[in-house]
Amino acid sequence: MIRLGILDFDTSHVVEFTRRLNQVEGTPAEQWVEGARVVVGCPGQSALMPERIAGFTQQMKKYGVKLVDKPEDMIRLVDGMLITSVDGTVHYERARPFLEAGIPCFIDKPFTCSVADARRIIALSTARKVPVFSSSALRYAPEVVAFQKNKEQWGTTVGVITWGPASQSPKPQRNAGLFHYGIHAIEMLYTLMGPGCQQVVNVYEQGAETVTGRWKDGRIATVRGLRRGATPFGLTVFAEKVVQTTAVGTQFIYRELLKKIVEFFQQGRSPVPLDETLEIIAFIEAANASGSHHGQPVSLSL
């Protein structure tokens, strides 16, 4: 059984991950995930949503998880770390002590909030030969996975549109723009398109924003972040033989992500190439820049 630590209790993911991995009483058996267990946690701190920490700390106590005051107190107790800080601007500093100690890390979305920080984590991971994995749970939504399985039947994907909620950070200097919640729909986009985007244009309004990317092979893809009216997840795939649209549900996304997280710790290899993770950060960074400059095209910084 893989022993996991979990850091920073300012997100519901702390509770949702622990319920499934530790098979907490009251959690439906269909949501359970085998192979790893959260054995220790550190409530930590948050400059973005500190008001969440006390409530989630109480829930973790009820689940019987050992709690420590300092992140470094977990190093000797774990085989892997879940860095769950809702604030992506702190992820490099949160992950660094564990990577330096040789402990693999899953870093919750957003991986970082800048290309510079993403490069720093990847460089440290590479230098220490310690694996890192980051992903939105929406990448593994059953509907998204089903599209991937049908690729051969439907032919080459020539374009994609995804949409989903894109609520904004209460503190814009942290998780700026699409880093805060829009990243979910962007991860779906990249799951279906793959990497290779060179330039984006973002049409931004208070109620929504639409980002269109141009891929180096001539394909075009669009993501719409929703903030007014209904805010579901969904997607349309344009393929050689079919155009298919579907709603994307969230009932099993944590379970499916956790399966991938357990595999990551077991195999020591990220299921998402770090080059793609880096490009996703560059995509959002460019989209935010374009949106703040009245839709001016912005090239990805890679």
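The values are calculated or read from the model by the stated rules, or taken from the named source; none is laboratory data. These numbers were taken from a predicted model, which means no experiment stands behind them. Neighbour counts run over all protein chains shown; Cβ positions are idealised from the backbone, glycine included.
General remarks:
- Filtered residue count, region 61-99, keeping only those that are in contact with a Ser or Thr (Cβ under 9 Å, 6 or more places away or on another chain) and among the aromatic types (Phe, Trp, Tyr): 2
- Looking across region 86-109, just one residue is surrounded by fewer than 21 Cβ atoms within 10 Å (Cβ to Cβ), acidic (Asp, Glu) and touching a Lys or Arg at 6+ places or on another chain (Cβ under 9 Å), and that is 100.
- Screening 57, 11, 84 for residues that are within 27 Å of residue 175 (Cα to Cα) and touching a His at 6+ places or on another chain (Cβ under 7 Å) leaves exactly one candidate, 84.
- Single residue of 237, 272 found to be in contact with a helix residue (DSSP H, G or I) (Cβ under 6 Å, 6 or more places away or on another chain) and either at pLDDT below 95 or not assigned by TED's automatic domain parsing to the domain that holds residue 23 (or both): 237
- The residues of region 113-129 that are surrounded by 19 or more Cβ atoms within 10 Å (Cβ to Cβ) and in a loop (DSSP other than H, G, I, E, B), listed by number, are 113, 114.
- Among the residues listed as 272, 237, the single one being over 19 Å from the mean Cα position of the chain (by Cα) and more than 22 Å from residue 167 (Cα to Cα): 237
- Some residue of region 68-83 being touching a Leu at 6+ places or on another chain (Cβ under 7 Å) and among the small types (Gly, Ala, Ser): yes
- Qualifying residue in region 72-84 (condition: charged (D, E, K, R), within 21 Å of the chain's Cα centre (by Cα) and in a helix (DSSP H, G or I)): no
- Figure legend. Inter-residue proximity from region 278-293: first residues modelled with pLDDT of 95 or more, second residues in a helix (DSSP H, G or I) and hydroxyl-bearing (Ser, Thr, Tyr), beta-carbon distance below 8 Å, spacing 6+ or different chains. Indicated pairs: 279/190; 280/190; 283/190.
- Each residue in region 31-70 was checked for being farther than 15 Å from residue 17 by Cβ and of a type in the set (A, V, I, L, M), and 7 of them qualify.
- Residue in region 219-226 that is assigned to a loop (DSSP other than H, G, I, E, B) and over 17 Å from the mean Cα position of the chain (by Cα) present: yes
- For region 253-263, the criterion of being in contact with a helix residue (DSSP H, G or I) (Cβ under 9 Å, 6 or more places away or on another chain), over 18 Å from residue 188 (Cβ atoms), of a type in the set (D, E, K, R) and surrounded by 14 or more Cβ atoms within 10 Å (Cβ to Cβ) is met by none of the residues.
- Qualifying residue in region 150-168 (condition: among the small types (Gly, Ala, Ser) and part of a helix (DSSP H, G or I)): no
- Scope region 49-71; condition within 27 Å of residue 101 (Cα to Cα) and not in a helix (DSSP H, G or I); matching residues: 64, 65, 66, 67, 68, 69, 70
- Failed criterion for residue 230 (all others in (1) farther than 23 Å from residue 294 by Cβ; (2) assigned to a loop (DSSP other than H, G, I, E, B); (3) touching a helix residue (DSSP H, G or I) at 6+ places or on another chain (Cβ under 9 Å) hold): (3)
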